[in-house]
Amino acid sequence: MASADMFPNVSFSDVNAAASQEAAGKAVFGLDPATGAVRLSLVRPGAEQAFQIDLSDAQIFKLGPMEWLCVSGETEAKAGVEEKLFSRAIKVVLRTEAESKAFSLAFQRWKQQTISGKAGESLENGSIVACKSKFDTKIEASSAQMYFHYYGQLLHQQNMLQDFVRTGTYYAAVMENRADFEGKVVVDVGAGSGILSLFAAQAGAKHVYAVEASEMVEHAQRLISGNPSFGQRITIIKGKVEEVELPEKADILISEPMGTLLVNERMLESYVIARDRFLAPDGKMFPTTGRIHMAPFSDEYLYVEMANKSLFWQQHNFFGVDLTPLHGSAFDGYFSQPVVDAFDPRLLVSQSTYHTLDFTTMKEEDLYEIDIPLSFVSSVGTRVHGLACWFDVLFNGSTVQRWLTTAPGSPTTHWYQLRCVLAQPLYVMAGQEITGRLHLVAHSAQSYTIYLTMSAKMWGVGADPGGILQTSTAKLELKEPYYRLSQPQAYMPQDQQQPPLSSLQAQGSGQQMQDGLSPGITVDQERDSAAFT
């Protein structure tokens, strides 16, 4: 059931009454507990409800900056049948312009629930089904519930706020570009704690609409109320950007819609939808563009760590049970997890490339499937263990252009970097070309399935220019990463990298690892430990 919207300090009067006096009280939007009807209740302190307004046939008209006229139909029972007799007009006065705007938005939001009847209401030939927004049609309800629950908790907001690279870059981007905010209408998409709304207000925004769908709105309201010099110009709106209505167009959108690998959680789609719904022509977006960067890497330690995880399933006698039939599936499962951590950029074996997403022009549908061709030239002879990825975003301000980067070697952020590890590494020589494809496919759990193909091309004198020596593929789930989250390890040159032998103990099995483990790893039958050949 939807929670009520309450405005504790209003005054109201019945325009129809000849000697009506203006009374102080509160206005409450909500559902009638008896009938489930959507109503606006105007209540005097210590008294019974003075007015009950059914929103199904009510309208409001703006009389002034803080004054509204609410007109609704009144009914009277005659012989047991309700007949509409006349219209009632109630004048409602709010304290501030911000409250006045919030009252108008709440009225429209609650009235929307009555436009096509109530969900589940019986009709002659069926029943009314609740209309789904664009968000609801493409996202699983269980995923959305977990997502909004997660971001409704202060501890997770604190984790993001304490990422000083993230928060500091946003602050600098706004303050260095005051000309883009002064006197402007701003929409904060997915406002969370409201910190970006407060930044925009500090930069002189005329008004900020902070749109947030989680229960974090209650905390955001307290934070904004606790900063009244800015809060008077901020209106918090609870709801999804796909569903809410705003009273005016925005001159600038501000948001933090980036997830792991830039696109995880699929909030970029909501950012683009907000652009189409709320942004005025020639309006600005902060951030403006995003780039996904990619490069092949070599990390023997990480590969062995991943391979080791499945050794548990190589036991032939686990309390009398042979676990080995599940080893192959376990091995594949661990390598289906992208690795999220911070790594030394010297593990990269070639220059990186990038794929650009222009938030100002792209379509929402462009984010459903992202196909990126790969082409690199190895700078060293080594084993390539997969593809490393990170992202950056640009705040293209009128005064200063500022980048927020998550690149390896840069100050670490809460996004870290991401690596897709191949179960079968590639062997390359210096100067050899590495080609492939990174294919991201969105799904209803607010994330992406990653399809990675990497190939080592023929190399050397007389080689076929289009020939392929080796190809390795991987399918990974971006929603289920392995959060390694270690700081970059001390770098060791490629020719000196050796895995720790003690880390490859075969836990009760002397049989050689199969089903995907690199043929370069063998197990000493007598010592029951692994070594590289």
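The values are calculated or read from the model by the stated rules, or taken from the named source; none is laboratory data. Since the model is a prediction, treat every value here as computed from it, not as a measurement. Note that each Cβ is placed from the backbone with ideal geometry, even for glycine, and that neighbours are counted across all protein chains shown. Remember, those area values only see protein heavy atoms, side chains included, never the ligands or the DNA or RNA. Shrake-Rupley method; radii C 1.70, N 1.55, O 1.52, S 1.80 Å.
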What's the number of the only condition in (1) in contact with a Lys or Arg (Cβ under 6 Å, 6 or more places away or on another chain); (2) under 29 Å from Ala407 (Cα atoms); (3) open to solvent by 10 Å² or more (accessible area, probe 1.4 Å); (4) among the aliphatic types (A, V, I, L, M) that Ala203 fails to meet?
(3)
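Mind telling me which of the residues Pro45, Pro65 ends up being touching an Asp or Glu at 6+ places or on another chain (Cβ under 6 Å) and either modelled with pLDDT of 85 or more or open to solvent by 70 Å² or more (accessible area, probe 1.4 Å) (or both)?
On the way: Pro45 fails: touching an Asp or Glu at 6+ places or on another chain (Cβ under 6 Å).
Within the list Pro45, Pro65, the selection yields Pro65.
Checking the structure you have, find out if any residue of region 232-241 is part of a strand (DSSP E or B) and touching a Leu at 6+ places or on another chain (Cβ under 6 Å).
Yes, region 232-241 contains a residue that is part of a strand (DSSP E or B) and touching a Leu at 6+ places or on another chain (Cβ under 6 Å).
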Give the number of residues within region 28-42 that are surrounded by 13 or more Cβ atoms within 10 Å (Cβ to Cβ) and of a type in the set (D, E, K, R).
1
Taking region 235-257 and the residues there that are open to solvent by less than 10 Å² (accessible area, probe 1.4 Å), touching an Asp or Glu at 6+ places or on another chain (Cβ under 9 Å) and at pLDDT 95 or above, the one that is nearest to Ala388 (Cα to Cα) would be Pro257
Can you say whether Val339 is farther than 27 Å from Val241 by Cβ, under 25 Å from the mean Cα position of the chain (by Cα) and of a type in the set (Val, Ile, Thr), as far as the supplied structure shows?
yes
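Kindly indicate the residue of region 270-300 that is more than 27 Å from Glu433 (Cβ to Cβ) and in a loop (DSSP other than H, G, I, E, B) and also most open to solvent (accessible area, probe 1.4 Å) among those meeting that condition.
Thr288
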Considering each of Gln417, Gln424 in turn, give the residue that is out of contact with any Gly (no Cβ under 8 Å at 6 or more places or on another chain), of a type outside the set (A, V, I, L, M, F, W, C), buried (at least 16 other Cβ atoms within 10 Å of the Cβ) and in contact (Cβ under 8 Å) with a residue 60 or more places away in the chain.
Gln417
Residue count, region 207-226, condition touching a strand residue (DSSP E or B) at 6+ places or on another chain (Cβ under 6 Å) and assigned to a loop (DSSP other than H, G, I, E, B), comes to 0
Result of the Cβ filter at 7 Å on region 378-395, keeping first residues that are over 11 Å from Trp415 (Cβ atoms) and at pLDDT 95 or above and partners that are part of a strand (DSSP E or B) and among the hydroxyl-bearing types (Ser, Thr, Tyr), at least 6 apart or interchain, is Arg383/Tyr427; Leu394/Thr289
Answer yes or no as to whether Thr167 is open to solvent by 10 Å² or more (accessible area, probe 1.4 Å), closer than 13 Å to Lys240 by Cβ and not acidic (Asp, Glu).
no
Those strands (runs of 3 or more DSSP E) lying entirely in region 309-405 with at least 3 residues open to solvent by less than 70 Å² (accessible area, probe 1.4 Å):
339-341, 353-358, 369-377, 382-396
Considering region 48-62 alone, what residues qualify as being modelled with pLDDT of 75 or more, open to solvent by less than 70 Å² (accessible area, probe 1.4 Å) and part of a strand (DSSP E or B)?
Phe51, Ile53, Asp54, Ile60
Determine the pairs where a residue that is open to solvent by less than 90 Å² (accessible area, probe 1.4 Å), located within region 132-160, has a partner that is at pLDDT below 90 with Cβ atoms under 8 Å apart, the partner being 6 or more residues away or on another chain.
Ala144/Phe135; Ala144/Asp136
Within region 175-201, which residues are under 25 Å from the mean Cα position of the chain (by Cα) and without any contact (Cβ under 8 Å) to a residue 60 or more places away in the chain?
Met175, Ala191, Ser193, Gly194, Ile195, Ser197, Leu198, Phe199, Ala200, Ala201
The correct count of residues that are farther than 20 Å from Arg233 by Cα, of a type in the set (S, T, N, Q) and modelled with pLDDT of 50 or more in region 97-135 is 5
Quick check: is even one residue across region 288-297 farther than 18 Å from Leu452 by Cβ and aliphatic (A, V, I, L, M)?
no
Taking the criterion of being hydrophobic (A, V, I, L, M, F, W, C), touching a residue at least 40 places away in the same chain (Cβ under 8 Å) and touching an Asp or Glu at 6+ places or on another chain (Cβ under 8 Å), would at least one residue in region 330-337 satisfy it?
yes
Here the residues within region 9-42 that are under 38 Å from the mean Cα position of the chain (by Cα), modelled with pLDDT of 85 or more and polar (S, T, N, Q) are Asn9, Ser41
